[in-house]
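Student: Here's a structure for you.
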Amino acid sequence: MKKKNHSGIFVLSLTIIAAIVVIVTYASDFMPEELEEYTEFSPKDYESLEMENSKIYQGELILVNQYYACKMMEMDKMVAIYDLKNDDYQVKDTKIMANQSTIEALNNMLSGFKQKTGICDVNITSAFRDEELQQELFDEKVEQTDEKEAVRWVARPGYSEHHSGYALDFGIYSNGVSSTFTGSWKYRWICEHAHEYGFILRYDAAKENLTGIAGESWHFRYIGKPHAFFMKQQNLCLEEYIELLKSYPYQRKHLKIEDFDGKKYEVYYVKADSDITMVPVPKHGKYTVSGNNADGFIVTAELL
Ligand SMILES: [Zn+2]
């Protein structure tokens with residue numbers, strides 16, 4: 001009898017230990033650790049900004065994937081890369097357009113790369129795409145493989161991040177030869193420093209179950225500082241980051257990010273009301289408001 005009791009306790013202990021291991025493993029996968037919070041704010045330091053709900057679908061932090069279509073293409077912010085670029089990289093076609101803020105960050109990043117390595121043969125092969133172009137690329141891929149395989153590589157028309165103007169595909173064009181950007185050799189510098197310029201490598205092969213897209217070493221997405229730095233530090237893909245930000249609503253605690261250059265920011269989420277949302281923003285200091293392309297707004301403010 002005594003023996004039986006002991007074995008029961010032993011089995012129970014093992015079960016508890018196994019459960020703890022499972023919980024800890026799960027939690028460390030989905031909950032980044034050591035996140036700083038900003039709680040010292042006072043409502044008197046904020047004022048309300050009236051935002052129409054169509055703005056949910058615009059801004060640097062919009063999440064576009066197989067579930068969230070790009071609903072509002074911001075054509076007024078698209079500029080031909082060729083017209084704004086510096087001499088530190090190339091663009092495949094003079095007509096390729098991207099969001100102006102993305103091109104400015106791209107200029108800075110590839111100037112940094114040129115200064116460091118002397119290389120200026122990165123070639124921008126694709127940026128903003130309208131639905132028609134995406135349809136052509138999608139149909140091409142379906143012809144090459146089949147529909148199930150095609151969606152791993154080319155998003156369905158309407159659901160491509162390229163519709164946002166914040167996505168860029170890199171290639172290499174050297175001595176008249178085009179090649180794939182794999183991020184290896186000296187080009188690794190770009191992958192290692194992209195976050196300092198506000199870019200992320202959007203499709204990590206290890207996160208395909210979350211992004212829906214197979215690993216792409218050439219697809220960069222501009223999301224701005226300090227978000228790119230935070231995502232890199234915490235190893236989050238955009239799907240995970242946008243979800244995490246929902247746990248930082250204005251009323252409760254804000255996420256505090258100290259960027260690689262020492263600048264401090266508070267970031268918080270404001271759920272959209274119907275039609276018009278009053279978004280609290282700081283009365284003093286710089287801030288930006290972006291939609292998340294799903295259900296609300298994200299405010300990023302520099303802390304003084
Ligand atoms: Zn791409």
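The values are calculated or read from the model by the stated rules, or taken from the named source; none is laboratory data. Source: prediction; values computed, not measured. Counting neighbours? That spans all protein chains shown, and the Cβs are built from the backbone with ideal geometry, glycine included.
Student: Would you point out which residue out of Y203, Y265, Y241 is assigned to a strand (DSSP E or B), of a type in the set (F, W, Y) and either at pLDDT 95 or above or exposed (fewer than 15 other Cβ atoms within 10 Å of the Cβ) (or both)? First the steps, then the outcome.
Tutor: Numbers: Y203 fails: assigned to a strand (DSSP E or B); Y241 fails: assigned to a strand (DSSP E or B).
Checking each option against the conditions leaves just Y265.
Student: Out of curiosity, is G165 within 14 Å of the ligand (Cβ to nearest atom), on the phi > 0 side of the Ramachandran plot and within 24 Å of the chain's Cα centre (by Cα)?
Tutor: Judged against the criteria, G165 is a match.
Student: Is one or more of the residues making up segment 52-62 of a type in the set (S, T, N, Q), at pLDDT 95 or above and part of a loop (DSSP other than H, G, I, E, B)?
Tutor: Yes; the residues of segment 52-62 include at least one that is of a type in the set (S, T, N, Q), at pLDDT 95 or above and part of a loop (DSSP other than H, G, I, E, B).
Student: Has segment 187-203 got any residue that is within 16 Å of the ligand (Cβ to nearest atom) and out of contact with any strand residue (DSSP E or B) (no Cβ under 9 Å at 6 or more places or on another chain)?
Tutor: Taking every residue of segment 187-203 in turn, none turns out to be within 16 Å of the ligand (Cβ to nearest atom) and out of contact with any strand residue (DSSP E or B) (no Cβ under 9 Å at 6 or more places or on another chain).
Student: Now for a different question. Scan segment 95-144 for residues that are in a loop (DSSP other than H, G, I, E, B) and surrounded by 18 or more Cβ atoms within 10 Å (Cβ to Cβ) and jot them down. Quick ask: steps written out before the conclusion?
Tutor: Taking segment 95-144 and keeping what is in a loop (DSSP other than H, G, I, E, B), we get 95-96, 118-121, 127-130.
Residues satisfying the conditions are I96, I119, A127, F128, R129.
Student: A further question on this structure: Checking S217 against (1) within 27 Å of D259 (Cβ to Cβ); (2) in contact with a strand residue (DSSP E or B) (Cβ under 6 Å, 6 or more places away or on another chain); (3) within 13 Å of the ligand (Cβ to nearest atom), only one condition comes out false. Which one?
Tutor: Unmet condition: (2).
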